[in-house]
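J.: Submitted below is the structure of interest, expressed as structure tokens.
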Amino acid sequence: MMVLVGLLMFYMRKLNYSGTLKMKNALGAIGEVYTTIGAKRSNIGKVQIKVQSSLRDLEALTDHDTDLTQGVVIKVVEVTPNGILIVKPQKK
């Protein structure tokens, strides 16, 4: 009986979910511009994307030639070491 309780406790601890956002999980995600992103990485904007089953507002830059304004559909193509997303407009 004690062994069974011990095994049950062991497996329950393994089910723990940390909730920590792993930015690499945002790669390839499709989202929408929330605040304008400056062209050629001139200004940081924000995007709304679903990452790890949660809708998030995250900072983003783009290499695109024109500003990405609110409502533009984007795709995440890179994540910088400091956690800023690099996005491009999604083709229609």
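J.: Pick from region 33-68 the residues that are touching a residue at least 24 places away in the same chain (Cβ under 8 Å) and among the acidic types (Asp, Glu): which of them is farthest from LEU21 (Cα to Cα)?
T.: Per the criteria, the residue is ASP65.
J.: For region 1-41, which residues satisfy the criterion of being open to solvent by less than 90 Å² (accessible area, probe 1.4 Å), among the hydroxyl-bearing types (Ser, Thr, Tyr) and modelled with pLDDT of 85 or more?
T.: THR35, THR36 - these are the residues of region 1-41 that are open to solvent by less than 90 Å² (accessible area, probe 1.4 Å), among the hydroxyl-bearing types (Ser, Thr, Tyr) and modelled with pLDDT of 85 or more.
J.: Continuing with this model, one more query. Of the conditions (1) small (Gly, Ala, Ser); (2) without any contact (Cβ under 8 Å) to a residue 24 or more places away in the chain; (3) on the phi > 0 side of the Ramachandran plot, GLY71 fails just one. Which one is it?
T.: If we test GLY71 against (1) small (Gly, Ala, Ser); (2) without any contact (Cβ under 8 Å) to a residue 24 or more places away in the chain; (3) on the phi > 0 side of the Ramachandran plot, just (2) comes out false.
J.: If you check LEU85, LEU7, LEU27, which single one turns out to be out of contact with any Asp or Glu (no Cβ under 9 Å at 6 or more places or on another chain), hydrophobic (A, V, I, L, M, F, W, C) and at negative phi? Lay out the reasoning, then the answer.
T.: Working: LEU85 fails: out of contact with any Asp or Glu (no Cβ under 9 Å at 6 or more places or on another chain); LEU27 fails: out of contact with any Asp or Glu (no Cβ under 9 Å at 6 or more places or on another chain).
None of the others qualify; the one that does is LEU7.
J.: Would you tally the residues in region 13-56 being touching a helix residue (DSSP H, G or I) at 6+ places or on another chain (Cβ under 7 Å) and part of a loop (DSSP other than H, G, I, E, B)?
T.: Filtering region 13-56 for residues touching a helix residue (DSSP H, G or I) at 6+ places or on another chain (Cβ under 7 Å) gives 49, 51-52.
Those left that are additionally part of a loop (DSSP other than H, G, I, E, B): 52.
Summing the residues that are touching a helix residue (DSSP H, G or I) at 6+ places or on another chain (Cβ under 7 Å) and part of a loop (DSSP other than H, G, I, E, B) in region 13-56 gives 1.
J.: Could I ask something else about it? Is it the case that VAL72 is surrounded by 12 or more Cβ atoms within 10 Å (Cβ to Cβ), in contact with a Phe, Trp or Tyr (Cβ under 8 Å, 6 or more places away or on another chain) and β-branched (Val, Ile, Thr)? Show your work before the answer.
T.: Details: surrounded by 12 or more Cβ atoms within 10 Å (Cβ to Cβ): yes; in contact with a Phe, Trp or Tyr (Cβ under 8 Å, 6 or more places away or on another chain): no; β-branched (Val, Ile, Thr): yes.
Considered against the rule, which asks whether it is surrounded by 12 or more Cβ atoms within 10 Å (Cβ to Cβ), in contact with a Phe, Trp or Tyr (Cβ under 8 Å, 6 or more places away or on another chain) and β-branched (Val, Ile, Thr), VAL72 comes out as no.
J.: If I filter region 42-65 for residues that are of a type in the set (Ser, Thr, Tyr) and surrounded by 12 or more Cβ atoms within 10 Å (Cβ to Cβ), do I get at least one hit?
T.: Within region 42-65, the subset of a type in the set (Ser, Thr, Tyr) is 42, 53-54, 62.
Those still in the list that are surrounded by 12 or more Cβ atoms within 10 Å (Cβ to Cβ) too: 62.
Yes, region 42-65 has at least one match.
J.: Return the residues of region 81-92 that are assigned to a loop (DSSP other than H, G, I, E, B) and at pLDDT 95 or above; say none if nothing qualifies.
T.: First pass over region 81-92, keeping only residues assigned to a loop (DSSP other than H, G, I, E, B): 81-84, 90-92.
Across region 81-92, the qualifying residue is only ILE84.
The values are calculated or read from the model by the stated rules, or taken from the named source; none is laboratory data. Every value quoted in this text rests on a predicted model; they were computed, and no experiment measured them. Please note: Cβ atoms are built from the backbone with ideal geometry, for glycine as well, and neighbour counts cover all protein chains shown. Note: accessible area is taken over every heavy atom of the protein model, side chains too, but ligands, DNA and RNA are not part of it. Shrake-Rupley method; radii C 1.70, N 1.55, O 1.52, S 1.80 Å.
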